[in-house]
Amino acid sequence: MKKYYLNCRFCGNPLTEQFADLGMCPLANSFIPPQNLYKSETYYPLNAHICSNCFLVQLDKFEPPENIFIDYAYFSSFSDEWLKHVQEYTEMMTSRFHLNSESVVIEIASNDGYLLQYFQEKGIPVLGIDPAKNVAREAEKKGITTITKFFCKELAEQLTEEGKQADLLIGNNVLAHIPEINDFISGMKKILKPRGIITMEFPHLLKLIQENQFDTIYHEHFSYFSFITVQHIFKEYNLTVFDVEEIPTHGGSLRIYAGHSEMEYTANPNVINLLKKEKEMGIDNIKTYQLFNEQIKITKRKILKLLINLKEQGKKIVGYGAPAKGNTLLNYCGIGTDFLDYTVDITPYKQGLYLPGTRIPVFHTEKINETRPDYVLILPWNHKDEIIKRMGYIRKWGGKFIILIPEIEVF
Ligand code: JHZ
């Protein structure tokens, strides 16, 4: 049969190599209201490709961002750990880059103002940009001016003409969400003051591979980045990545620092060391990626074995959390209410809805105390410490936690 190939969204190379085939799946954040339970859902191939030229891992764009992000289920302020993380970041950036009341901090994908609130408290002028109107409303309540649009080159040009350019331009967990990566990065170049600094955080592809985080692959994450690839993309737009940190958030992320190449930044040793580490781990070798698909299938069989065993012993299992990544895992493994009676989530927006595909109901966290299950499967494994602290009381009735990624653990 004749094969049809997509082209790499960054370099245009035909995408002949597969990274992960997770079957067919609905959009990860398309939670279902009760009145739609008897309606059909749209499923899309969840098939990640690797570009053999620039090593960008990517999914096809099945739905435009407008259909995913305008009414969004994810509110960044739900996690105390995450708030602590960005508060510390604010302190560090303010002193490292000498920010003050004359500076401008712009955040792309500013969500509910979880981060900008800390700069604002310091009297540093801020501007948020986020297309999700329901989420941005929360930021506005905190007094954070938010432009409810997608960031792109055109918006950057418009803001620059209005005299709005950034001394510090932030983008956390947004890079993966951008289908038009070339337009986006050239917009960042445009809106940055001559001596301005960009910082971006994003999950590290190396960690995804090493720690089996296949569930972080879902349609709203159009691309997955190694440091080598990100550096290459930035260079193409005359932006120099001069520093990088490996940070533990979302299972292992990178925080990169970049500025205009015209300013002649010299890369700090962290940059050199991480490039070396990625090369040693085979990030620039197509074979590294080709092995991942097999690893996923093995994981699926192990997960199902555990759950089948527990159900055959008559155990009651429920979920904790309704993260986007949980929906990849549950749909790929075929885990529905036959295994998990329900799940819970602290986000009020998600309570009372059903998970896409599996149609597992999402309740308030109190439901666990009321029903006393034998096992609680923590779907957002990246927040496990915080969740175990909150839910430690399940031990009272002999309840146990289950974690599936990076390794199966029952404790
Ligand atoms: P969490 C997110 O993915 C969203 P998700 C996004 N798509 C992205 O890019 C990646 O991160 C990087 C709940 N919870 O963070 C809240 C509790 O109920 O793993 C959330 O619904 N109790 C932008 O959605 C979910 O879990 C708690 O104590 O996979 C966590 O979602 C805590 C801590 C969380 O991200």
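Read the figures in this text as sums done on the coordinates, not as results from a lab. For clarity, every value in this text was computed on a predicted model and none was experimentally measured. Cβ sites come from the backbone with ideal geometry, for glycine too, and all protein chains shown count toward neighbours.
In sequence order, segment 171-184 has phi-based couplings of x, 9, 6, 10, 4, 5, 8, 9, x, 9, 4, 5, 5, 5 Hz under the Karplus curve 6.51 cos²θ - 1.76 cosθ + 1.60, θ = phi - 60°, and Gly or Pro positions carry x.
Listed values for segment 233-240 are Karplus-derived 3J(HN,Hα) couplings in whole Hz (6.51 cos²θ - 1.76 cosθ + 1.60, θ = phi - 60°), namely 5, 4, 4, 4, 9, 6, 10, 9, and x replaces Gly and Pro.
Only bridges whose two residues both fall in segment 69-268 count here: according to DSSP, what percent of them are antiparallel, nearest 5?
Working: 14 of 31 bridges.
Rounded to the nearest five, the antiparallel share is 45 percent.
For segment 171-280, rounded, prolate or oblate, judged on the Cα gyration tensor with a ≥ b ≥ c (square roots of eigenvalues), a/c < 1.5 rounded, else prolate if a/b > b/c? Because a/c hits 1.5 or more and a/b fails to exceed b/c, segment 171-280 counts as oblate. Of all DSSP-defined beta bridges confined to the chain, some 55% are antiparallel rather than parallel.
Under the simplified labelling scheme, the K302-N7 pair shows an inter-label distance of 4.0 nm, with each label point 7 Å from Cα along Cα→Cβ. Take the Cβ atoms of T42 and E264, set R0 to 30 Å, and the FRET efficiency comes out at 0.05. With helices as the sole contributors, the chain gives -9500 deg cm²/dmol at 222 nm; each DSSP H run of n ≥ 4 counts as -39500 (n - 2.57), and the sum is divided by every residue. The gain in end-to-end length when the R372 to N53 segment is fully stretched comes to 109.6 nm, 0.36 nm per residue minus the alpha carbon separation.
Scanning the chain for trypsin sites (Lys or Arg not before Pro) in DSSP loops with at most 16 neighbouring Cβ atoms within 10 Å leaves 165-314 as the longest stretch between them. Computed from the Cβ-Cβ distance with R0 of 30 Å, the FRET efficiency linking R96 to I346 stands at 0.35. Using a/c under 1.5 as the rounded threshold, could you call the chain rounded, prolate or oblate? The axes a ≥ b ≥ c are square roots of the C-alpha gyration tensor eigenvalues, and prolate needs a/b larger than b/c, oblate otherwise. Note, shape of the chain comes out prolate. Hey, quick one: spin label on T365, modelled 7 Å out along Cα-Cβ, who in segment 302-323 has an amide N within reach, i.e. under 19 Å? Only 318-323 pass the distance filter. Close amide-amide hydrogen proximity is noted between G23 and L46, each under 5 Å apart and 5 or more residues distant or on a separate chain (H modeled in the peptide plane; Pro and chain starts excluded).
Among bridges DSSP assigns within segment 287-410, what percent are antiparallel (round to 5)?
Values: 3 of 12 bridges.
Once the DSSP bridges in segment 287-410 are tallied, antiparallel ones form about 25 percent.
Name the shape class, rounded, prolate or oblate, that the alpha-carbon gyration tensor gives for segment 69-268, where a ≥ b ≥ c are the square roots of its eigenvalues, rounded holds for a/c under 1.5, and otherwise prolate holds if a/b is larger than b/c and oblate otherwise. Verdict is rounded for segment 69-268. Scanning the chain for GluC sites (Glu not before Pro) lying in DSSP loops with no more than 14 further Cβ atoms inside 10 Å, the longest uninterrupted stretch between such sites is 265-406.
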